[in-house]
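Taking it in order: structure first as structure tokens, then the write-up.
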Amino acid sequence: MSTVPSAARRLRISRLRGSNNEGVLVVAIAVLATVVGLVSPSFWSVATLLNVGTNSLENAVFAMAVLIVMVSGGIDVSFMAIGIFAGYSVIVLGNATGIAADSAWLGFMIAIAIGLALGLLNAFAIAVLRLPTLIATLGTQTIIRGVMLAFIGRKVIPDYPPGLESLSTTYLFTDYAAIATRLNVMIVPSIVICIVVSLMLRYTLVGRGIFAIGGDAESARRAGFPVTRLRVLIYLMAGALAATAGMMHVTQVRLANPYELVGGELDVIAAVVLGGASIFGGKGSVSGTVLGVVLIALINYSLILLGVPGAWQRAAVGALLLIGVSAQALSAAGRHRRGTIVQAEEAAA
Amino acid sequence: MSGDHPLLVAQGISKHFGGVAALDDVSLEVRPGEVHCIAGENGSGKSTLIKIISGVVTPDAGVIEVGCETYRHLTPRQAIGAGIEVIFQDFSLFPNLTVAENIAVSSLIAHGRRTVRPPELRRIARAVIERIGVDLDLDARVEDLSVADRQLTAICRALAQDARIIFMDEPTTALTWREVRALFQIVASLRESGVALVFVSHKIEEVLRISQRITVLRNGKVVVSGEAAEFDRPALIRAMTGRMLSERRPSDTNWREMPPILEVQGLGLGGYFEGVTFDVRPGEVLGVTGLLGSGRTEIAEALFGVRPADTGTVRVNGQPVVVNSVRDAVRAGFGYVPADRLSEGLFLDQSIARNVIAGSLDLLVGRLNLLRQSVADRVAQTTLTDLRVKMSSSRAPVRSLSGGNQQRVVLAKWLARSPRILILNSPTVGVDVGSKHEILEMLRAKSREGMGIIVISDDVPELLEVCHRVLVVRRGRIVAELTGDGLTEKTILDELAA
Amino acid sequence: MTDPSAVIQRLLPERSLLRLAAFAIVVLVVFSLMSKPFFTVINFQSMGFQVAEVGLLSLAVMLTMLTGGIDLSIVSIASVAALVTAQLFAATGAAETTAMTPVLTAVFILVGMLAGTLTGLVNGLLITRLRVTPILATLGTMQLINGLMVAWTNGRAIYGMPDVFLAIGTGTVLLAPIAIVVLMAAALLTAAFMNRTGTGLRLKLVGANPTAARYSGLDNGRVLMLTYLASAFLASLAGIIIASRAASASADYGTSYVLVAIVICMLAGVNPNGGYATVTGVVIAAFTLQMVASGLNQIGWNTFHYQIVQGVLLIAVIGLNTFSEQGLLSGLLGRLRRRRPVGTRPAKAEPGP
């Protein structure tokens, strides 16, 4: 049949693309790097790598939270609120009580505990009250941010407990080329977290359960997955990850500003969607997501390097998200059409 | 095989929903290695019985004995532990996961595992697949599989959990005859290994064909239960419906003289079908049959503009018409009752009246695109009365109706605008036997009034009952036209399988 | 022979409206008791000025929810309309009042609204042609348009609008703020469109089941396109009112409006999965939420407290709806029904055709 070679080629192309868009993202990153590198030769430097790393290390962890929720078929817009709530609260708490004064570890532990508590709020709204996830997390986002600004504080805090202060200046690499560019040591836990999430999604029953719920929640229930318990777990994990990322952010910038992060959700959501996760659930990967985060960090950095005003970054991420989802929607439509043809061919054979 | 000691005994099961008895003192016995069929019309209590035995629903009275245990009511976990597996109509699979994962994941959960190792998944899946000797790609995603392969995956999953009794809810609804035959072979091999199968079905042919024993439910009661050999077709129909149904054949022939109402010439759509030529005369019911994937549905959907054809001509009443969208088709006088009533035919939460006028909005608006509500209400009411839809009010949501009445609402949607040609795809799937005959009678009446009617179906007795002529589609082409004495169950099945 | 769930289903819309009205009255009474200046003409006027823009944005979101989608880009679209109009005033120096001012104002407003509505075309194309999910499509356009607007204005607000323009947001006729009159007119038109026209019914049907709509001969693409254009039109109108009330236009209109609009739709009982919406409900809900905002403000709560209340309200309302659907309330209702003597006016709830 004439369709056989083209089918084989399609298969090869789809293998190159990767199951979650990874191939496309690698190509996009390479093209972007080449073009920007041609326009601005200073792009080819260690500084670029360190900058992108600095930006990605917290966003990758945020993205893990968004990815887990999206694979299960939801969308979370409260993660930035959880992140800044946890990060800011730890600084306020640390300064006020001297708790976690010497240990950054303890600071992170407290942040995670806060994240779990806030995640529980999402879990309650979604797993127990069964609200649509977008609407529920919009609501919790507002509550979380409101509580922080109303009851915890509204001031920008430059003074940190010593433990976090010293972590914020512990660098893995420093590049002294022109201006000193540094990469915080927190890149290591960030990478570890991504690997752990990847292993969890792939090789644990919880991870497969998250995919199963995203594929078909009712079937998951019938297959014996404890669906409600898994949903609670998903939002607890997302809360803990968001809090960790928020703590990383607050530590890196060395200025605890409660008005930060909320409003920047799209950078992370776009990264996850570009990384091949489907908003309908059941699809997504850590490798794709991390590539998406790197791509967006690279775009933001390149625009700065090329001297483009900050407002354009926002527009660029919006445009990128639209291109990504349009491409996905089109290829899904194409796959659907192919599916029926293949079926017809099988029946005819 | 020890045919004497039953695997499962349910005794005196009763269940009431509100004031209505869904099941009343029902007893059932399943023996090892048997194929047992629970037959009954829709609403007879079949589904409730399955749900009780699988632990999803708690009965009001009665006991269930499985193995050595006796339960007042089972939990789903106890049911699975006792080897009871239910394959629902939708298969309950994960479209985004692989075949191996789908087959093995439940047994991992049942064993309380925390981690998943791909080699182990494949080992579990392969063992089951080899056991029943089927061919499935372990790494394929279920969403890319055909319906028959999905069903096999579901069966394999049940077996992977050491199922001893597998319940299958209407297992052949979405399958072609050939796939049904393959399924029957698997069923036979499972029986030999001592697994019992319980089919739940309202299709008389398959009930008679594969079961050793039959239990017939009607209105929540067991009407009769016994060896399959004791039943024949009329007896089974009588048991299921409580009345005799004559098996008539359409005999009126005056349509032969009339000029065709629809002429289709060389219709083709790349990859699906080609060179499709036929006509329909007023007063005639034309049947179109073929295996799933043969192109029968695609031809109908092309005529109706869902997936427009790319070659060929269509004439209605001698006038050429161009159909590039559903709107074009509707304007040209086509109506289409799709195969999947729930997702393609109905707005379940909207009112019955609104469902009826949904296809005629263009005829029901006046100045400024304003809806003429009184006309719309009148049209809806007349059509619903004509079709004898049983309902509390036309403002009630369609969801509240039974399957047969829901199908009448879909019919009403098209009859409300008096189409010239009405195409019906599997018009009586999931419709109880009584409603089925009323709907078919209605189609005959409409065709006598001059409407051109095309029935697409793989239900052979239904085709024989209502059609004057039957076209057989194979691999996207019309391969036979059966009519008069040449139109029999045997000729249709021969052409289908050729 | 009536299926009890069918009766419940039929009563559901009316019941949720009733619940909403009861809530509105409770809010009114509570704040009137807690704060002296609450139940005064001045306060109602000031609430009226603020409720118009929120109400219009809620109507926009309601239409998209009716078709099973959502429009997160309403605020960006509002800012497009406001900025284009304001830029036209600034560019032509029309802030000084002359004889031509009313005409120019009308023209500029129309141009601004046209620009905003055309932005909705982008959403429409993404959703109908490329089949992108409305959440992601409008999330993307929200960010894209906002970025473009900030880049265009360098993040600065634009001032300099004539008094005629400012009157829309600040003037009154017979004590009623003009903005409220605009909202009411828009609400009436939307209601008439939704409930009396063929296209309105098509919106509901597409929202209820897009596949069945297609198989019924409806042009889903056209219906959705129209929906997102209508949503953008209402959002643009809101943008004009915001600009005229603030006497300036900027790309910085808070995204908090989106949340407020969604809260209002949920309060009104709009089904976010499509198929059911009510203009009356949205209008009552918008006024109720405005009363909450104003009342909290008067008893000394700040905007952050109000945000918390919004979030809690959102979750509580949908939670309540979910629970009542799951039979908590229908069980109660069923008990009441059974107590009624059999045969008394059973058909009263169904005014037949």
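Here are some notes:
- Taking the conditions (1) closer than 16 Å to C:ARG202 by Cβ; (2) free of Cβ contacts under 8 Å to residues at least 12 places away in the same chain; (3) not in a helix (DSSP H, G or I) in turn, B:GLY359 satisfies each one other than (2).
- With respect to the stated conditions, B:GLU495 fails to be in contact (Cβ under 8 Å) with a residue 40 or more places away in the chain and surrounded by fewer than 21 Cβ atoms within 10 Å (Cβ to Cβ).
- Any hit, segment A:241-251, residues being surrounded by fewer than 22 Cβ atoms within 10 Å (Cβ to Cβ) and either part of a helix (DSSP H, G or I) or free of Cβ contacts under 8 Å to residues at least 24 places away in the same chain (or both): no
- So C:LEU203, is it crowded, with 22+ Cβ neighbours inside 10 Å and either more than 9 Å from chain B (Cβ to nearest Cβ) or among the acidic types (Asp, Glu) (or both): yes
- Residue ID - modelled with the highest pLDDT, chosen from residues in segment B:240-293 that are buried (at least 19 other Cβ atoms within 10 Å of the Cβ) and of a type in the set (Phe, Trp, Tyr): B:PHE273
- Single residue of C:THR255, C:THR172, C:THR199, C:THR227 found to be modelled with pLDDT of 95 or more and either under 28 Å from C:GLU96 (Cα atoms) or touching a helix residue (DSSP H, G or I) at 6+ places or on another chain (Cβ under 8 Å) (or both): C:THR227
- B:GLY305, sole failed condition from (1) farther than 15 Å from B:ALA416 by Cα; (2) not in a loop (DSSP other than H, G, I, E, B): (2)
- Of the residues making up segment A:244-277, those that are closer than 18 Å to A:SER198 by Cα and either touching a Phe, Trp or Tyr at 6+ places or on another chain (Cβ under 6 Å) or among the aromatic types (Phe, Trp, Tyr) (or both) number 2.
- Between A:VAL286, A:VAL262, the distinction of being buried (at least 22 other Cβ atoms within 10 Å of the Cβ) and within 14 Å of chain C (Cβ to nearest Cβ) belongs to A:VAL262 only.
- Within segment A:181-215, the set of residues being touching an Asp or Glu at 6+ places or on another chain (Cβ under 8 Å) and hydroxyl-bearing (Ser, Thr, Tyr) comprises A:THR181, A:SER190.
- Hits in segment A:157-188 - residues which are part of a loop (DSSP other than H, G, I, E, B) and farther than 22 Å from A:THR244 by Cα: A:TYR176, A:ALA177, A:ALA178, A:ILE179, A:ALA180
- Residue check: C:THR170 meets all listed conditions (1) over 19 Å from C:LEU88 (Cα atoms); (2) more than 8 Å from every other protein chain (Cβ to nearest Cβ); (3) crowded, with 18+ Cβ neighbours inside 10 Å but one, namely (3).
- Matching option when the condition is within 12 Å of chain A (Cβ to nearest Cβ), surrounded by fewer than 24 Cβ atoms within 10 Å (Cβ to Cβ) and either within 20 Å of the chain's Cα centre (by Cα) or at pLDDT 90 or above (or both), among C:ILE70, C:ILE135: C:ILE135
- C:SER324 meets the conditions (1) of a type in the set (Gly, Ala, Ser); (2) surrounded by 16 or more Cβ atoms within 10 Å (Cβ to Cβ); (3) modelled with pLDDT of 80 or more in every case but one. The failed one is (3).
- Condition met for B:LEU401 (facing chain C (nearest Cβ under 8 Å), modelled with pLDDT under 90 and buried (at least 19 other Cβ atoms within 10 Å of the Cβ)): no
- If only residues of segment C:173-195 that are part of a helix (DSSP H, G or I) and of a type in the set (Gly, Ala, Ser) are counted, the one that is surrounded by the most Cβ atoms within 10 Å (Cβ to Cβ) is C:ALA179.
- The residues listed here are B:VAL116, B:VAL105, B:VAL134; of these, the one that is over 24 Å from A:LEU199 (Cβ atoms) and touching a helix residue (DSSP H, G or I) at 6+ places or on another chain (Cβ under 7 Å) is B:VAL134.
- Segment A:124-144 residues that are facing chain C (nearest Cβ under 7 Å), paired with ones that are surrounded by fewer than 20 Cβ atoms within 10 Å (Cβ to Cβ) and of a type in the set (Gly, Ala, Ser) (beta carbon under 7 Å, 6 or more apart): A:LEU129/C:GLY319; A:LEU131/C:GLY319
One line per residue, one yes/no per condition, for (1) away from chain A (no Cβ under 11 Å); (2) crowded, with 24+ Cβ neighbours inside 10 Å; (3) touching a His at 6+ places or on another chain (Cβ under 8 Å); (4) not charged (D, E, K, R):
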position	(1), (2), (3), (4)
C:SER248	yes, no, no, yes
C:THR255	no, no, no, yes
C:VAL263	no, yes, no, yes
C:LEU267	yes, yes, no, yes
C:TYR276	yes, no, no, yes
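- Scanning segment A:198-212 for residues that are crowded, with 23+ Cβ neighbours inside 10 Å and either farther than 17 Å from A:TYR235 by Cα or more than 9 Å from every other protein chain (Cβ to nearest Cβ) (or both) returns a single hit, A:ILE210.
- Residue match in segment C:224-241 (condition: of a type in the set (A, V, I, L, M, F, W, C), buried (at least 21 other Cβ atoms within 10 Å of the Cβ) and not in a helix (DSSP H, G or I)): no
- Count of segment B:263-293 residues which are within 14 Å of chain A (Cβ to nearest Cβ) and touching a Gly at 6+ places or on another chain (Cβ under 7 Å): 4
- Residues of segment B:382-401 classified as more than 23 Å from B:GLY434 (Cα to Cα) and either assigned to a helix (DSSP H, G or I) or under 22 Å from the mean Cα position of the chain (by Cα) (or both), total: 0
- Complete set of residues in segment B:417-431 that are in contact (Cβ under 8 Å) with a residue 40 or more places away in the chain and either under 17 Å from B:VAL326 (Cα atoms) or buried (at least 24 other Cβ atoms within 10 Å of the Cβ) (or both): B:ARG417, B:PRO419, B:ARG420, B:ILE421, B:LEU422, B:ILE423, B:LEU424, B:ASN425, B:PRO427, B:VAL431
- Segment C:288-307 residues that are within 12 Å of chain A (Cβ to nearest Cβ), paired with ones that are among the polar types (S, T, N, Q) and in a helix (DSSP H, G or I) (beta carbon under 7 Å, 6 or more apart): C:GLN307/A:THR142
- Taking the criterion of being within 9 Å of chain C (Cβ to nearest Cβ), surrounded by fewer than 18 Cβ atoms within 10 Å (Cβ to Cβ) and among the basic types (Lys, Arg), the residues of segment B:323-370 that qualify are B:ARG327, B:ARG331.
- Residues that are among the charged types (D, E, K, R) and more than 13 Å from chain C (Cβ to nearest Cβ), drawn from segment B:404-422: B:ARG408, B:ARG420
The values are calculated or read from the model by the stated rules, or taken from the named source; none is laboratory data. It should be emphasised that the depicted structure is a prediction, and the values quoted were computed from it without experimental measurement. All Cβ positions, glycine included, derive from the backbone under ideal geometry; neighbour counts span all protein chains shown.
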